[in-house]
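Contents: one structure, followed by commentary.
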Amino acid sequence: MIATSRSVSTRKKFKLANLSRRIWYILRRWPIIPGVVITTLVLTGIFAPLLAPQDQFKQNLRARNAPPVWNTQWYDDNPRVELRYILGADHVGRDILSRIIYGARISLIVATISLITGLLMGVTLGLSAGYFGGHIEELIMRLTDVWYAIPFLLLALVANIIFGPSFGLVLALLALSTWPAFVRNIRAETLSLKTLDYVALARVSGASNVRIIFKHLLPGVFNTVVVIATLRVGQLILAEASLSFLGVGIPSPTPAWGVMIAEGRADLRAAWWPTVFPGVAIFLVVMSLNFTGDWLRDRLDPRLRQL
């Protein structure tokens, strides 16, 4: 009987070890947790009016800096506050959860529009520089070097002084900060691809330069474009939050995550929730996008692919 119980216990431990190894293998091979976070961001941004429990701008001065709902003692001591805020309220009584949900829509819109604009500019310039070479390549690459030399924060401050803070200004600044990341990598890939036989055959058959670039070279650099774009999305969201925090981004009372952190920092000692919860949202989204970008790079590059 003792030997039988020991063998049963050994088999259970063996099965548990196999299950743990399988789960660890799946988590390493597929970005499940980052995928869940990114999917949540997208769905939250799309269906924000349906998911938000309250209006993003609704104020309730009686609920100023109301704590999260699990702090029942505060709500018992303040019976005139009828609503219980899941993640608390900010300095003017606005629901933090609702503003975080609407802030996801802001981040999604900013990242998407800025990324698409910068991607189109960067890929076009990178393909042109790599394919044509000569003076065109020199001009594009020196323009890229000059742009990298300009302090982005200083440019944002000057633009804010001249034009004033606005949503359109943030989109323009982030789009202008995105295109150089594509130019250098796409140019390097194009320099290698244009020497291959199928490009020479296309040129001999009479294909135009535009057709060769977009029909034959662009598919060859597609994997690189996808990886760079995925990594840049997280950087764009972080840059937008940084600009909004410094007051040169999206103006208040729009519920951008950076704006929420900036508004809550004055009362950080007395009420940490208006600052911490938007910060946690930024951290989770940016880390998930970075992990997804690394996974795509490993999967799309045969030299880095893991078994």
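Remark: Gly206 falls outside the filter, which requires a residue to be crowded, with 18+ Cβ neighbours inside 10 Å, at pLDDT below 85 and either small (Gly, Ala, Ser) or part of a helix (DSSP H, G or I) (or both). Of the residues screened, Thr190 is one that is crowded, with 20+ Cβ neighbours inside 10 Å, over 30 Å from Asn65 (Cβ atoms), among the hydroxyl-bearing types (Ser, Thr, Tyr) and in contact with a Phe, Trp or Tyr (Cβ under 9 Å, 6 or more places away or on another chain).
Matching residues to (1) in contact with a strand residue (DSSP E or B) (Cβ under 6 Å, 6 or more places away or on another chain); (2) buried (at least 24 other Cβ atoms within 10 Å of the Cβ); (3) free of Cβ contacts under 8 Å to residues at least 40 places away in the same chain:
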| residue | (1), (2), (3) |
| --- | --- |
| Arg99 | no, yes, no |
| Thr117 | no, no, no |
| Gly122 | no, yes, no |
| Tyr131 | no, no, no |
| Gly134 | no, no, yes |
| Leu143 | no, no, yes |
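Can you spot a residue in the range 212-223 that is farther than 20 Å from Ile116 by Cα, out of contact with any strand residue (DSSP E or B) (no Cβ under 7 Å at 6 or more places or on another chain) and β-branched (Val, Ile, Thr)? Yes, the range 212-223 has at least one match. Within the option set Arg265, Arg269, Arg232, being closer than 14 Å to Leu108 by Cα and either basic (Lys, Arg) or surrounded by fewer than 17 Cβ atoms within 10 Å (Cβ to Cβ) (or both) holds for one residue only, Arg232.
Screening the range 225-275 for residues that are among the basic types (Lys, Arg) and not in a loop (DSSP other than H, G, I, E, B) and picking the one that is nearest to Thr44 (Cα to Cα) gives Arg232. For the range 212-221, the count of residues that are surrounded by 15 or more Cβ atoms within 10 Å (Cβ to Cβ), within 16 Å of Phe182 (Cβ to Cβ), touching a Lys or Arg at 6+ places or on another chain (Cβ under 8 Å) and among the aliphatic types (A, V, I, L, M) is nonzero. Look at Asp77 and say whether it is at pLDDT 75 or above, of a type in the set (D, E, K, R) and either surrounded by 13 or more Cβ atoms within 10 Å (Cβ to Cβ) or under 28 Å from Val233 (Cβ atoms) (or both). Criteria not met by Asp77.
The values are calculated or read from the model by the stated rules, or taken from the named source; none is laboratory data. Keep in mind it's a predicted model, so treat the numbers as computed, not measured. We place every Cβ from the backbone using ideal geometry, glycine too, and count neighbours over all the protein chains shown.
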